[in-house]
1. Given axes a ≥ b ≥ c from the Cα gyration tensor, I'd like to know whether the stretch 386-497 is rounded (a/c under 1.5), prolate (a/b larger than b/c) or oblate.
2. Residue by residue through the stretch 57-65, which ³J(HN,Hα) values in whole Hz follow from phi under the Karplus form 6.51 cos²θ - 1.76 cosθ + 1.60 (θ = phi - 60°), with glycine and proline marked x?
3. Please state the charge dipole magnitude for the chain, taken about the Cα centre, from unit charges on C-beta atoms (+1 on K and R, -1 on D and E), reported in debye and rounded to the nearest 20.
4. Quick check on packing: order 256-268, 234-246 by the mean number of other C-beta atoms within 10 Å, highest mean leading.
5. For the chain, what does the accessible surface come to per residue with a 1.4 Å probe? Please give it in Å².
6. Classify the stretch 88-192: rounded, prolate or oblate, from the alpha-carbon gyration tensor (a ≥ b ≥ c, eigenvalue square roots; a/c under 1.5 rounded; otherwise prolate if a/b is larger than b/c)?
7. Computed FRET efficiency, Cβ-Cβ of Asp431 and Thr394, R0 25 Å: what is it to the nearest 0.05?
8. For the stretch 1-155, just say rounded, prolate or oblate: build the C-alpha gyration tensor, square-root its eigenvalues into a ≥ b ≥ c, call rounded for a/c under 1.5, and beyond that prolate if a/b exceeds b/c, oblate if not.
Amino acid sequence: MTDFYNLGDLIDHAADMDKTALIDLKDSETPREYSFQNINDAANAVARGLTARGFQRGDRIAILSANRMEFMAAYFGTMKAGMVSVPVNFKFPHETIEFILRDANIKFVFTDAEQAPKIPTSYETVDFDDADVFTAFCDPGPFDTVRPDSGAVAMFLYTSGSTGRPKGVPLTHAGHLWVVEQRIAKRPTPDHRLIVAAPLYHMNALAIFKVAMAAHLSVVLLPQFSAPAYIKAVETYKVTWLTSVAAMMAMVAREKDLLARTDLSSVRIIRMGSAPVSQQLVDDLRAILPNAEITNGYGTTEAGPVVYGPHPDGVPQPDISIGYPLSATSARLVDGDNLDADHGVLHCKNPSVTPGYHKMPEKTAEAMTADGWYITGDVMRRDEHGFHYFVGRTDDMFNCGGENIYPSDVEKMLERHAGIEQACVVPVPDDIKGFKPIAFVVPRDGASLTEDVVKQFALENGPAYQHPRTVTLMDSLPLTGTNKVDRKRLMDSVLDT
């Protein structure tokens, strides 16, 4: 156990406070480097600034900004002061951003120059890029971190809203301190340097940044993801630990010319999460970085990023498995009345599970069992060793002529083709079948791929009802604001034609 009690105060002050905590590549030509002492001082200055302006414990403070040091100072400082940090996806439409600010009853907004115009004028803001204003807001000096009450909320994260308005997910200090403790229980070696390029308004990046602070590791932070910038930063700063989602690493793997002239020998760990990983992608990464350990993680906004871990008997984790349940009381597969199925919907129960959706009791009742299990909506299967594998989302599944199809099943099958780098399968309405699958495919460099070749491969390697009725070849797949494949955009592109 650690002595941490506030999610905003994760730095071990007994460790070397002069060690580099963050290399901020907001401007890659003039990188900014910060020590642990710098980060701590900046968070204290934010906490003091908020307090001096009369904000109270429990008040909700939003952050609408690209990745940068000031984002993390605002995030940690808000929670240190006993207030609730609400990072907001700035890629949402303006009306969705306004809805979130109103729904969360936001009292104050931290922003940057690019995102500031998206904030209604009725909100008090401070712009990170206005150096004079931000400096005047901050109040340098010591700050006594607030000790939260039992069950106190530390942050709100809003879901993507792909099936409607985003849902506010309150997350507690105690629950996410438990997450940090689980992830640093096996203490990483202190020389690790991580790279973070996923957006900090998302659980993936926020969680790994907190782990780095608690384990006293250094972070290289990109303002946003681009494969060339990511690769260059790994070489320049001798990154040892890659953090990402699968779509990001697939784009990295396509940069073959750049990779061929880049030294990535420093990399020892590749960790992906937040989306399924294909065997083809694992094989590609293993060829690029043969000495790196590749792990595939799983988490949700509602249940946190710690559900699975290594096998208790030391059985190696299969490449595309998401791991072994931490304990019998943390994850179960449910199929109807069977609460211990080999194939079913994943239910999670752990200290980091949300207490319920903000102002949505009906949605909370749908997503939570009476005894505290969160119903993820993710369908998993369990192998003979107890490892779990992602099958698909219950809300992605569609019926084609009486047969249930999970898009990720078809995608995995297509990605076994040697000429296919990535695939995304979506349903479109059909007068006879109800729905039928269509595929968007990214060919591997140099592959001779046609629509007919892909269809024939699907018919030879899967059930006939799964084969995509049309195949569109693309240079790359579009991504959402959280760097996942944007299925809705692809589906809309077909429905609009």
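The values are calculated or read from the model by the stated rules, or taken from the named source; none is laboratory data. Everything quoted here is computed from the prediction, not taken from an experiment. A quick note on method: Cβ atoms are made from the backbone with ideal geometry, for glycine too, and the neighbour counts reach across all protein chains shown. Calculation scope for accessible area: heavy atoms of the full protein, side chains included, ligands and nucleic acids excluded. Shrake-Rupley method; radii C 1.70, N 1.55, O 1.52, S 1.80 Å.
1. rounded
2. 3, x, 5, 9, 10, 8, 10, 10, 6
3. That gives the chain a dipole magnitude of about 360 debye.
4. Going from most to least packed, we get 234-246, 256-268.
5. Spelled out: the 1.4 Å probe surface of the chain, per residue, equals 42 Å².
6. Since a/c reaches 1.5 but b/c is at least a/b, the shape of the stretch 88-192 is classed as oblate.
7. Computed FRET efficiency for Asp431 and Thr394 comes out at 0.50.
8. Oblate, because a/c is 1.5 or more while a/b does not exceed b/c.
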